[in-house]
Amino acid sequence: MSPPSDRGTSSAHAARGTRGAARRLGAMKTLHRTLALSAIVLLLVAACSAGASPTPISAGDAVAAVLAQDPRFAGLTALDPSMIGQSGYYDVQPAADGGYAVRVWIGWGDCPAGCINHHEWQYGVSAAGAVTLLGELGDPLPDVSTGLRGTALAGPTCPVVQNPPDPACADRPVAGAVIAVTNAAGDLVMRITTGADGTYDVPLGPGVYTLTPQPVEGLMGTPEAQLVRLEAGEGVVTIDFSYDTGIR
């Protein structure tokens, strides 16, 4: 039997090389398909993430959005069933659509005894935070806005008080005095800052508030805190504050 020729050996090697190249080509095609599928999956995940629903609004954010609808709602606190004479409040309940139903109530007329008159607003807040006024009911609202105004003065300005008073020794206005306003729940509602003439004038919704003056640099005494009740229809209440200069 004669040995295989060189031509036969070359043909076998060529066949094996062709099969190896085909396997490598098939592997590369499989890899490309895998990479393409992975890219498609990543694109789909990114698209789903971009189109995902935002985080539903919280009850606190829903209340804040409603109270921002009307200046008369400033400073209102949550309904306290144990409190008699609460002249303004809000109540929030979950809604079926994932949002909230918010009710705002303002009363006036002898509120320490329970309020003779009242008016309420009913709002719907969607899960995305959109606010809709659903309706109003109750007594017609008084056409008078509530608020606070007053003046911060510092005295004495002369070591000796004269009678009749010397106009040159009149108490001086305190510019930049800060007055913290808290509601019946003790929450900070706002900080009032007096103007160059020592005065302030701010709108504030019905309720019971405590006005606490803050220390002023260069002045010895800080006025005591004052409690004030604002009722719808009563208008703006004047609260003045007297600082002590320390001059004697």
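Here are the numbers for the structure shown:
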quantity	calculated
Residue ID - nearest to His119 (Cα to Cα), chosen from residues in segment 52-87 that are surrounded by 14 or more Cβ atoms within 10 Å (Cβ to Cβ) and over 19 Å from the mean Cα position of the chain (by Cα)	Ser87
Count of segment 71-104 residues which are in a strand (DSSP E or B), aliphatic (A, V, I, L, M) and in contact (Cβ under 8 Å) with a residue 40 or more places away in the chain	2
Selection status of Ala96, exposed (fewer than 11 other Cβ atoms within 10 Å of the Cβ), at pLDDT 85 or above and of a type in the set (A, V, I, L, M)	yes
Every residue from segment 211-240 that is touching a residue at least 40 places away in the same chain (Cβ under 8 Å), among the aliphatic types (A, V, I, L, M) and within 16 Å of Met190 (Cβ to Cβ)	Leu211, Val228, Leu230, Val236, Val237, Ile239
Considering residues of segment 161-187 that are at pLDDT 90 or above and not in a loop (DSSP other than H, G, I, E, B) only, the residue surrounded by the most Cβ atoms within 10 Å (Cβ to Cβ)	Ile179
Flag for Ala127 being of a type in the set (Gly, Ala, Ser) and part of a strand (DSSP E or B)	no
Enumeration of residues in segment 142-160 that are in contact with a Gly (Cβ under 8 Å, 6 or more places away or on another chain) and assigned to a loop (DSSP other than H, G, I, E, B)	Pro142, Val144, Ser145, Thr146
Residues of segment 112-137 that turn out to be over 18 Å from the mean Cα position of the chain (by Cα) and either within 18 Å of Ala74 (Cα to Cα) or at pLDDT 95 or above (or both), as a count	10
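The values are calculated or read from the model by the stated rules, or taken from the named source; none is laboratory data. The model shown is predicted, which means the values in this text are computed figures rather than measured ones. Note that we place each Cβ from the backbone using ideal geometry, even for glycine, and neighbour counts take in every protein chain shown.
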